[in-house]
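Heads up, the thing below is written out as structure tokens.
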Amino acid sequence: MAYVPQKHNRHFSFSVLDVLLTGRAPYTSFYSSPDNRDVETAKTILESFALSHLMHRDYTLLSGGETQLVMIMRALIQDTPVIVMDEPTAHLDFRHELIVLETIARLVKERNLTLVMATHFPNHAFYFENESLPVQVAFMDRQTVLVSGSPSKALTEENLARFYHVQTCIINQAIPFKGTVKHILPVQTLDHKPETIK
């Protein structure tokens with residue numbers, strides 16, 4: 001099992017390639033170093049994220065979003081059947097968030113990967129469901145699962161109001177090359193009345 005933390009402290013001036021190769025440690029004997037196959041695996045995953053230009057960069061000098069992508073790639077390079085991710089897209093910009101979601105969806109399909117992901121963005125669940133992945137979501141509070149099920153059944157406007165205190169609208173949109181996709185449109189918060197604009 002591999003794990004991607006929400007935050008990561010960078011203490012040593014390793015290159016991005018070296019950080020990724022630490023993910024290959026389970027496949028390296030005690031007194032040996034990563035071999036050419038490990039290096040090629042690391043280069044391949046950098047290419048799949050369009051980040052080959054970071055290969056020799058000092059990872060302590062990366063931005064927060066770039067560091068998070070490196071941690072995700074390090075988990076993926078471990079080639080485990082299960083990956084646990086704690087808010088993996090929390091520090092990413094719009095494009096890199098989508099790159100991560102696309103890569104996760106592709107790897108789940110190609111490798112039969114099981115992903116356990118904590119997120120505060122319920123649209124992530126709809127994204128995976130829209131990609132025809134078998135997805136289960138759960139609303140948790142104080143270590144207790146209160147509601148669970150498929151995104152279409154659990155992510156209702158009523159549940160989103162109950163757990164997020166946000167009025168929402170679930171939209172079904174026809175996309176030419178995707179078919180019909182679901183998306184949550186936030187309307188307004190429910191905790192306070194909006195101020196009257198004069």
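The values are calculated or read from the model by the stated rules, or taken from the named source; none is laboratory data. Note that the structure is a prediction, hence the values are computed from the model and not measured. Heads up, the Cβs are rebuilt from the backbone with ideal geometry, glycines too, and the neighbour counts pull from every protein chain shown.
Side notes on the structure shown:
- Asp93 touching a residue at least 40 places away in the same chain (Cβ under 8 Å) and in the same structural domain as Leu113 (by TED's automatic domain parsing): no
- Contact map, the stretch 164-176: residues that are closer than 19 Å to Thr119 by Cβ paired with residues that are surrounded by 11 or more Cβ atoms within 10 Å (Cβ to Cβ) and among the aromatic types (Phe, Trp, Tyr), Cβ distance under 9 Å, separation 6+ or inter-chain. Pairs shown: Ile170/Phe126.
- Annotation note: Cβ proximity below 6 Å between a residue of the stretch 114-125 that is within 17 Å of Thr156 (Cβ to Cβ) and a residue that is not in a strand (DSSP E or B) (sequence gap 6+ or interchain) occurs for Pro122/Leu155; Ala125/Val135; Ala125/Pro151.
- Number of residues in the stretch 44-57 that are more than 18 Å from Phe12 (Cβ to Cβ), assigned to a helix (DSSP H, G or I) and modelled with pLDDT of 90 or more equals 6.
- Subset of the stretch 58-69 (residues that are surrounded by fewer than 17 Cβ atoms within 10 Å (Cβ to Cβ) and part of a loop (DSSP other than H, G, I, E, B)): Ser63
- Residue tally, condition under 17 Å from the mean Cα position of the chain (by Cα) and under 19 Å from Ile184 (Cβ atoms), over the stretch 133-150: 5
- Residue in the stretch 40-87 that is farthest from Asn112 (Cα to Cα), counting only those that are more than 17 Å from the chain's Cα centre (by Cα) and of a type in the set (Val, Ile, Thr): Thr60
- Among residues of the stretch 5-32 being hydrophobic (A, V, I, L, M, F, W, C) and either in a loop (DSSP other than H, G, I, E, B) or not assigned by TED's automatic domain parsing to the domain that holds Tyr59 (or both), the one that is farthest from Ala118 (Cα to Cα) is Phe30.
- Test: residue in the stretch 33-51 that is buried (at least 16 other Cβ atoms within 10 Å of the Cβ), within 13 Å of Gln78 (Cα to Cα), in the same structural domain as Met85 (by TED's automatic domain parsing) and in contact with a strand residue (DSSP E or B) (Cβ under 8 Å, 6 or more places away or on another chain): no
- So His124, is it exposed (fewer than 15 other Cβ atoms within 10 Å of the Cβ) and out of contact with any Ser or Thr (no Cβ under 7 Å at 6 or more places or on another chain): no
- With a requirement of 3 or more residues that are at pLDDT below 95 and closer than 21 Å to Thr67 by Cα, the strands (runs of 3 or more DSSP E) lying completely within the stretch 82-198 that satisfy it span 82-86, 114-118.
- Taking the numbered list (1) buried (at least 18 other Cβ atoms within 10 Å of the Cβ); (2) over 18 Å from His53 (Cβ atoms); (3) touching a residue at least 60 places away in the same chain (Cβ under 8 Å) in turn, Ile72 passes all entries but (2).
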